[in-house]
Amino acid sequence: MRQFFKMTFATICGIIIFLVIASLFFAISLAGMLASDSATTKVQENSVFVIKMDGSINERSEEGSPLSTLLGQADMEIMGLDDLIASIRKAKDNEDIKGIYLEGGLTDFDAPATAQQLRDELSAFKKSGKWIVAYADNYMQGAYYVASVADKIYMNKTGMLELRGFGGLGTYWKGFLDKVGVEYQAVRVGKYKSYVERMTRTDMSDNDREQRLAYSQGIWNYWLKEIGESRKVSAESINQWLNDSIPAFADGNDYVKCKLIDKLMYPDEIKAEMKNRLKLGKDDEIKQLTLSDMLNVKSNENNDGDEIAVYYAIGEIIDNPAQDMMSDGSSIIGKETVEALNKLADDDDVKAVVLRVNSPGGSAAASEQIWHAIKQLKTKKPFVVSMGGVAASGGYMISAAANYIFAEPTTITGSIGIFGMVPNFKGLVTDKLGFTFDGIKTNKYTHFEDELVLTKGEGNEEVIKYMQGYVDRGYINFLDIVADGRKMKREEVDAIAQGRVWLASDALKIKLVDKLGNLDDAVKKAAELAKVKEYHKKVYPAKGSWLDQLMPKENKGTYLDSELRALFGEYYEPFIELRRNQLRNRMQARLPYSVRVK
């Protein structure tokens, strides 16, 4: 017995000692991360800024949990366009940084305009007289478009270049739903408002095909033009090559012959090329700066003068935080956004507000609440919109009240329309599984929602008519919001609305945007409207601290969600979309698809 107690006591002591040591290790590691995060990076002479073109690039960065990092469970890196642009500008202004090295080519972007903005910033860097070199084992289309701005593009001798043009196959669920006994009852306004078609058709409608082809061709033409100008080849010849062959399966030497790649080489050879540019010896080390390093390099940005607030509105527009748990990224929560905008309106230190919008829309009710807050804010100070990759449907509604709207040339916008969808499970639940439903009611429509979902009959048709009237009123309201903001008549807006998605360069011609330009242009315009000469910008909402990341407010999805998404990739999205539809507001103003590009 004595031996048992001795062993038990020793085990308990061992566990306590282990926990103490582990806690100390965690505390030291966390302190180190906090210190490194706040430390200023000292740039050494003759350095290179290395941008790893792998992972994803979104509007703003999304940092993982520090605990996950410590445990080696960090997700694939998600870089923020805002961080990249700020870092490229620091590199341009720092005389010790001689060039930029774009390493890798598997990056995907949250929208074509995100890739375009990154490329524009690299182009400005290059015009300062510094060099850019790109190298990758393989190039995806979006990454190659960005890399094409480089002075030299190199690729592995066994590498692959994926140029193929823009397009995409939509998933249509009606055939599957018919087999399992589920039918979607949909109402919409706008012949181009195609969100409902995924659940009610087996193929793409002519109207949807028309709009998708128009903006896809517009973006592709823009990309081809920029690639051609940088590579000194005609856009027509590149396009012809894509129609005559599949570049991904071409011999590497064909890329060089077509002038899309300068030279094929192995990784050790690119290192020698970089040393040659930096005039280093064979045994000298290349001084490299990562994105994390550059974020801690001191900025030359002026913080004097009056404040111009830049508020980021990114992701789906939703009614409440509970819906955010179904999101795999950022969301615009109606009530929180309204409160934030009201604070900016009442802050005397803020002289003007710029709303940076990157949203496919979402809840029509939440969108209108945000629009109303903006209308009130505009009575106190200038309000300017800067559209990022997407500012469509509800994303356009919250933009419409602005004094001035800027959009990137490849921004996707418009989609002024409304829809609603309700699934009917009678074919599955009653016809196939045998469940039946009966009960009492004091009024004709007491159970209208349950009956709409679980039964069929003339009563449902009447309810659908009421739903259609509800959506019709929402559409008229949307038209009036746009007409008021853009100084147009309702009939003029209706002619260009109908749920039609527009490329910004086309939206400019029909007065949905005022000018093509970037976030800096929007900030400059806001200062001009506020009549301030000395100003600085301050970004809202602020990014979370390390403590915020350790103690997140909500659980973004579940472990099973993340595992299924990792396994099935983009093919998992339609299934998660079915689940999201049950949580969403009945009336939606949103795009029917993702515009993410690889």
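The values are calculated or read from the model by the stated rules, or taken from the named source; none is laboratory data. Note that the structure is a prediction, hence the values are computed from the model and not measured. Cβ placement follows ideal geometry from the backbone for every residue including glycine, while neighbour counts extend to all protein chains displayed. Ligands, DNA and RNA are excluded from the accessible area calculation, which covers all protein heavy atoms including side chains. Shrake-Rupley method; radii C 1.70, N 1.55, O 1.52, S 1.80 Å.
For residue 432, give me every one of the lysines with a C-alpha distance below 17 angstrom, ignoring sequence neighbours fewer than eight places off in its own chain.
Result set, ordered by chain and number: 179, 456.
May I ask for the distance between the Cα centers of the stretch 405-454 and the stretch 251-322, given as a whole number of Å?
After rounding, the separation between the Cα centres reads 46 Å.
Normalised by the residues of the stretch 78-189, what does the relative contact order come to in percent, with Cα pairs under 8 Å and at least six apart?
Relative contact order here is 24 percent.
Using only the Cα atoms of the stretch 116-157, build the gyration tensor, take square roots of its eigenvalues as a ≥ b ≥ c, and label the shape rounded, prolate or oblate: rounded if a/c is under 1.5, else prolate if a/b is larger than b/c, else oblate.
Here the stretch 116-157 falls in the oblate category.
Ratio of the stretch 273-415's C-alpha Rg to 2.2 N^0.38 Å, to two decimals?
Against the compact-globule rule of thumb, the ratio is 1.39.
Apply the Debye scattering formula to the stretch 225-276, with a single equal point scatterer on each alpha-carbon and no solvent, then give log10 I(q)/I(0) at q = 0.17, 0.19, 0.22, 0.25 Å⁻¹.
Result of the Debye calculation: -0.62, -0.73, -0.86, -0.97.
So what's the projected area for the stretch 349-427, the Cα convex hull averaged over all directions, in nm²?
The Cα convex hull of the stretch 349-427, projected and averaged over all directions, gives 6.7 nm².
Would you rank 363, 61 by solvent-accessible area, highest first, keeping every protein chain in place and using a 1.4 Å probe?
Largest accessible area first, the residues go 61, 363.
Give a quick list of GluC sites (Glu not before Pro) in the stretch 236-334 that DSSP marks as loop, anything other than H, G, I, E or B, with at most 10 other Cβ atoms within 10 Å.
285
Where only protein heavy atoms count, and the probe is 1.4 Å, what is the accessible area per residue for the stretch 288-379 in Å²?
Each residue of the stretch 288-379 exposes 42 Å² on average to a 1.4 Å probe.
Sequence neighbours fewer than 8 away in the same chain don't count; with that in mind, list the lysines whose C-alpha is under 17 Å from residue 225.
Cross-link targets: 259.
Run the quick spin-label model on residue 42 and residue 158: label points 7 Å from Cα toward the beta carbon, then report their separation in nm to one decimal.
4.3
Please list, in order along the stretch 120-134, the HN-Hα scalar couplings obtained from phi with the Karplus expression 6.51 cos²θ - 1.76 cosθ + 1.60 (θ = phi - 60°), rounded to whole Hz, x for Gly and Pro.
4, 5, 5, 4, 5, 4, 5, 5, 6, x, 8, 9, 10, 10, 10
At 0.36 nm per residue, minus the direct Cα-Cα distance, what do residue 495 and residue 217 gain on full extension? Give it in nm, one decimal, please.
Here the answer is 97.9 nm.
Excluding residues fewer than 8 places away in the same chain, name every one of the lysines whose C-alpha is closer than 22 Å to that of residue 381.
Straight-line reach from residue 381, under 22 Å: 335, 343, 351, 487, 515, 524, 525, 531, 533, 537, 538.
Would you mind putting 127-138, 110-121, 348-359, 384-395 in packing order, based on average other-beta-carbon counts within 10 Å, highest first?
384-395, 110-121, 348-359, 127-138
Relative contact order for the stretch 404-553: what is it in percent, counting Cα pairs under 8 Å that are at least 6 residues apart?
Relative contact order here is 42 percent.
Evaluate the distance, in nm, between pseudo-label points positioned 7 Å from the Cα of residue 335 and of residue 464 along their respective Cα→Cβ axes.
Those two pseudo-labels are separated by 3.5 nm.
Considering only protein heavy atoms and a 1.4 Å probe, what is the carbon-and-sulfur percentage of the accessible area of the stretch 246-287?
The nonpolar share, carbon plus sulfur, comes to 49 percent.
Excluding residue 477 itself, calculate the net charge of residues whose Cβ lies under 12 Å from the Cβ of residue 477, where each Lys or Arg counts +1 and each Asp or Glu counts -1.
So the environment of residue 477 carries a net charge of -2.
Test of understanding: express the Cα radius of gyration of the stretch 436-478 as a ratio to 2.2 N^0.38 Å, with N the residue count.
1.37
Counting pairs of alpha carbon atoms under 8 Å apart in space and at least six apart in sequence, what relative contact order in percent does the stretch 361-472 give?
Relative contact order here is 21 percent.
What trypsin sites (Lys or Arg not before Pro) does the stretch 395-482 have in DSSP loop regions with at most 14 other beta carbons within 10 Å?
Those that pass, being in a loop and sparsely packed, are 441, 444.
May I ask for the equivalent-ellipsoid semi-axes of the stretch 120-261, computed as the square root of five times each C-alpha gyration tensor eigenvalue and listed largest first in whole Å?
After diagonalising the Cα gyration tensor, the semi-axes are 39, 18, 14 Å.
Give me the 1.4 Å probe accessible area per residue for the stretch 68-217, excluding ligands and nucleic acids, in Å².
Spelled out: the 1.4 Å probe surface of the stretch 68-217, per residue, equals 41 Å².
Let me know the volume per residue of the alpha-carbon convex hull for the stretch 382-515, in Å³.
Roughly 148 Å³ of hull volume per residue.
Between residue 487 and residue 236, how high is the FRET efficiency from 1/(1 + (r/R0)^6) when r is the Cβ-Cβ distance and R₀ = 56 Å? Nearest 0.05.
Step by step, r from the Cβ atoms, then E = 0.90.
Please work out whether the stretch 227-344 counts as rounded, prolate or oblate from its C-alpha gyration tensor, where a ≥ b ≥ c are the square roots of the eigenvalues and a/c under 1.5 means rounded, while otherwise a/b larger than b/c means prolate and anything else oblate?
It is oblate, given that a/c is not under 1.5 and a/b is not larger than b/c.
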